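To start, the structure under review is shown below, and the notes come after it.
The values are calculated or read from the model by the stated rules, or taken from the named source; none is laboratory data. Because the structure is a prediction, the values reported are computed rather than measured. Every residue, glycine as well, gets a Cβ built from its backbone with ideal geometry; the counts of neighbours run over all protein chains shown. All accessible areas refer to the heavy atoms of the entire protein, side chains included, with ligands and DNA or RNA removed. Shrake-Rupley method; radii C 1.70, N 1.55, O 1.52, S 1.80 Å.
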Amino acid sequence: MALITIFDEGKTLTDEETVTACLKSYGVDYQRWIPAHPLAIDASAEEILRAYSREIQTLKALGGYVTVDIIDVSPETPGLEEMLAKFNREHWHDEDEVRFIISGHGVFHIHAENQSVIGIEVEAGDLIRVPRGTRHWFNLCADRQIRAIRLFQYVSGWTPHYSHSGVDHNFLPVCFGVSQLPYKSSAATDFKSND
Ligand SMILES: [Fe+2]
């Protein structure tokens, strides 16, 4: 179950109904896919995609997604820090960012238009859709591991536009369950519309 932190209100949300409604107010769609399909801990990307093929087809039909892949990172991943450095700066995409978490943990910070930053800590079973144009960034949690299904609306795949706002420097890159404490929060001042 995702954990939501609303930094400027000092609130953490853990109830599914409350989490879903809160994220909706920030433009983010959230679902729990339960029951998740059983998978071996070392399941290959092909096995994961095969297990979730029905759900993937449903999402593709609903959101116009044309490609799907598996992102699979762990402390042993070569070049992990360089890879994470692409994700952990505030950016947006010209397409939705859709992720279904298979294993591991991570935290998305969402900086929606005219709203303060919230954090979404995700775990296995969480499906989120960050709409195109929404500023956000991503960090791993202490386990430094995540496997997730990614869906894309363009065959070019993951293409970020960096804001270079520095807002991401104001939030510790750790997860709510441990010690996610903001230095300060900041409202959006420059936003690319997702319409
Ligand atoms: Fe992104």
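Given the conditions (1) over 20 Å from G157 (Cα atoms); (2) away from the ligand (no atom under 16 Å from the Cβ), and given that H111 satisfies all but one, which numbered condition is not satisfied?
(2)
For the stretch 30-48: of the residues being open to solvent by 50 Å² or more (accessible area, probe 1.4 Å) and not in a loop (DSSP other than H, G, I, E, B), which is nearest to H136 (Cα to Cα)?
Q31
Hey, among the residues in the stretch 7-17 that are closer than 24 Å to G104 by Cβ and touching a residue at least 12 places away in the same chain (Cβ under 8 Å), which one's surrounded by the fewest Cβ atoms within 10 Å (Cβ to Cβ)?
Here the residue is T14.
Go through the stretch 98-109 and give me each residue that's open to solvent by 10 Å² or more (accessible area, probe 1.4 Å) and under 15 Å from T67 (Cα atoms).
R99
Output the residues belonging to the stretch 49-90 that are within 16 Å of the ligand (Cβ to nearest atom), surrounded by fewer than 17 Cβ atoms within 10 Å (Cβ to Cβ) and hydroxyl-bearing (S, T, Y).
T67
Tell me the strands (runs of 3 or more DSSP E) entirely within the stretch 56-148 that contain at least 2 residues that are in contact with a His (Cβ under 6 Å, 6 or more places away or on another chain).
The qualifying strands (runs of 3 or more DSSP E) are 106-111, 135-140.
Within the stretch 113-120, is there a residue that is within 11 Å of the chain's Cα centre (by Cα) and open to solvent by 10 Å² or more (accessible area, probe 1.4 Å)?
Looking through the stretch 113-120, none of the residues is within 11 Å of the chain's Cα centre (by Cα) and open to solvent by 10 Å² or more (accessible area, probe 1.4 Å).
I'm trying to understand the selection: among the residues of the stretch 30-49, which are within 20 Å of the chain's Cα centre (by Cα) and at pLDDT below 90?
W33, I34, A36
As an exercise: evaluate V155 against (1) away from the ligand (no atom under 16 Å from the Cβ); (2) at pLDDT 95 or above and give the number of the one condition it does not meet.
(2)
What residue, of H161, H93, is farther than 16 Å from F7 by Cα, at pLDDT 95 or above, in contact with a Lys or Arg (Cβ under 8 Å, 6 or more places away or on another chain) and open to solvent by 40 Å² or more (accessible area, probe 1.4 Å)?
Exactly one of H161, H93 is farther than 16 Å from F7 by Cα, at pLDDT 95 or above, in contact with a Lys or Arg (Cβ under 8 Å, 6 or more places away or on another chain) and open to solvent by 40 Å² or more (accessible area, probe 1.4 Å), namely H161.
Listed residues N139, N170; which is at pLDDT 90 or above and within 14 Å of the ligand (Cβ to nearest atom)?
N139
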